[in-house]
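I have a structure here, written as structure tokens, and I will follow up with some questions on it.
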Amino acid sequence: MKKNPSCTLTVNLGERSYPIYIGSNLLTDPAFYRPHVKGQQVLIVTNTTVEPLYLDAVKSALQDYQVESVVLPDGEQYKTLAVWQNIIDSLLENRFDRRCTVIGLGGGVVGDMAGFAAACYQRGVYFIQIPTTLLAQVDSSVGGKTGVNHPLGKNMIGAFYQPQCVIADIETLTTLDDRQLSAGLAEIIKYGLIGDLSFFEWLEQNMEGLLARDHALLAYAIERSCKDKAAVVAADEREAGNRALLNLGHTFGHAIETGVGYGEWLHGEAVGAGICMAADLSHRLGWLALADLQRVEALIKKAGLPIYPPTSIDADRMMALMSVDKKVLESKIRLVLMNKLGSSVVTDTFEPEALKGTLHEYGRAIS
Ligand code: NAD
Ligand code: GLY
């Protein structure tokens, strides 16, 4: 019998469907793991920050198994093939077989790297996501994108690989600092803007409560975000079409992250500024009213996020960085833009002059 998860959602992918458990004090309950751990061997992948906080709690729920752990250095700058290889080394050194389970315990960096290791080890072993940041709970742990960065581009090496389940324990957010909480809010705002206007409006009304970490509000925002994401992933798992909408603000954002150096700006901060740039371009194209652009900027600002990119990246550099993006097809930059508030499209039909206008405008701005 499970201890009252406040909510269980399903990512519907046929025989690869899986549950997302969202609630409090789930980490220590063996009932959430048992149906999803098939063999006897479990490798927990975490990092130096999360290990002292939550590794023992997870281990306490897995006493019936052979449990090993690998602790990675903490930071986006370590999301590399070289660091990732530590996970593979640990699986081999401990002689893990193909029925083993890899658990990613941490934020999106750990989850992406653990998932990619699970996808590659012996061509695929079982995988569980235990996201411990707001960003990971509302986005990176759901949907099966895994991978690492290359010095020339974010997330350029990876695989689609779905977990057996996601265990999102809201209590883990109590140890998260305010900057990381805001980073997660960027991805939450994204869901409102790509196709859920009433959620965007709810966020406008409840942002103070979310920043104050009101438990019920956070639970609702995580649940609604996961529901929105699960629907997009179920309809287009491998991003042949509309899954690219989940990248609203990300082409600008990835350019910022790569441009300033991985780890300088948080992913969610770069996405926050990127969403504002996408809104500005949408306004220049005549798709988004000025008042709505202002609402987008106001909510991003209220969430404690930057609305402008760093001034160290000028418009030309930004343009060069934006052309290294997984959405680029046949040398054409494709962007997610807003055709009205609460609705977005993936498009490569925008006037290059309008994009240049946004890059110059935001390249000059001081936040
Ligand atoms: P992160 O993994 O770097 O975590 C942020 C920081 O919080 C780290 O220092 C981490 O150690 C710390 N931390 C984690 N949990 C904590 C806790 N409970 N208490 C205190 N500190 C804690 O960053 P993130 O924002 O979680 O994830 C960003 C990464 O996710 C990026 O690499 C991004 O590319 C990736 N991402 C992937 C997807 C996807 O679909 N796979 C989606 C969005 C983002
Ligand atoms: N975060 C983008 C996606 O999952 O597709």
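The values are calculated or read from the model by the stated rules, or taken from the named source; none is laboratory data. Everything numeric in this text was worked out from a predicted model, so none of it was measured. Here Cβ is always computed from backbone atoms with ideal geometry, including for glycine, and neighbour counts include all displayed protein chains. Ligands, DNA and RNA are excluded from the accessible area calculation, which covers all protein heavy atoms including side chains. Shrake-Rupley method; radii C 1.70, N 1.55, O 1.52, S 1.80 Å.
All but one of (1) over 19 Å from T174 (Cβ atoms); (2) open to solvent by 30 Å² or more (accessible area, probe 1.4 Å); (3) free of Cβ contacts under 8 Å to residues at least 60 places away in the same chain hold for L72, so report the exception by its number.
Failing condition for L72: (2).
Something else: Filter region 100-128 down to the residues that are open to solvent by less than 10 Å² (accessible area, probe 1.4 Å) and not aliphatic (A, V, I, L, M), then identify the one that is nearest to T174 (Cα to Cα).
Here the residue is G106.
Continuing with the same structure: Going through region 214-249 one residue at a time, which ones are under 20 Å from C276 (Cβ atoms) and either more than 16 Å from ligand 1 (Cβ to nearest atom) or in a loop (DSSP other than H, G, I, E, B) (or both)?
L248, G249
Is it the case that Y18 is out of contact with any Cys (no Cβ under 9 Å at 6 or more places or on another chain), of a type in the set (F, W, Y) and under 30 Å from M156 (Cβ atoms)?
The answer is no for Y18.
Return the only residue of I128, I87 being farther than 22 Å from I188 by Cβ and under 19 Å from the mean Cα position of the chain (by Cα).
Of the residues listed, the single one that is farther than 22 Å from I188 by Cβ and under 19 Å from the mean Cα position of the chain (by Cα) is I128.
On the basis of being surrounded by fewer than 24 Cβ atoms within 10 Å (Cβ to Cβ) and without any contact (Cβ under 8 Å) to a residue 40 or more places away in the chain, does N86 make the cut?
yes
While we're here: What pairs can you find where one residue is in region 222-245 and under 22 Å from R334 (Cα atoms) and open to solvent by less than 30 Å² (accessible area, probe 1.4 Å), the other is in a helix (DSSP H, G or I) and more than 9 Å from ligand 2 (Cβ to nearest atom), and their Cβ atoms are less than 8 Å apart, with a gap of 6+ or different chains?
The qualifying pairs are K229/V138; K229/Y191; D236/N242; R243/A235; L245/I194; L245/G195.
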